[in-house]
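Novice: First, the structure itself, so that you have it in front of you.
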Amino acid sequence: MDEENIIGGDDVLTASPEPSADDISYKQRERKRLEDEIAAFLAGGGKISEIPPNVVADPPKKPQSNYGGQPI
């Protein structure tokens with residue numbers, strides 16, 4: 001039995017088990033939620049920019065030597 005009954009006042013509510021990532025209706029709800037959040041972001045003046053796949057956030061830096069960098 002995957003469902004359990006929850007009693008709230010005069011009504012009996014049915015709680016579903018945790019949604020699984022394989023559940024199609026769960027994925028549809030998540031897509032709709034994401035679309036709504038994106039629409040709200042864009043409506044509020046937000047901007048979405050596409051970054052090329054070969055761009056990295058922190059390129060490697062050349063090693064620096066501080067040998068002899070102490071004052072005399």
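Novice: For the pair GLU37 and ILE24, how long in nm is the line joining their label points, each one 7 Å along Cα→Cβ?
Specialist: 2.5
Novice: At a 10 angstrom cut-off on C-beta neighbours, averaged per residue, how do the peptides 37-49, 55-67 rank from highest to lowest?
Specialist: Working: 37-49: 8.6, 55-67: 5.9.
Put in order of decreasing packing, that is 37-49, 55-67.
Quick note: the coordinates plus some simple rules give every number you see, no bench work behind them. The model shown is predicted, which means the values in this text are computed figures rather than measured ones. Glycine gets a Cβ as well: all are built from the backbone with ideal geometry, and neighbour counts include every protein chain shown.
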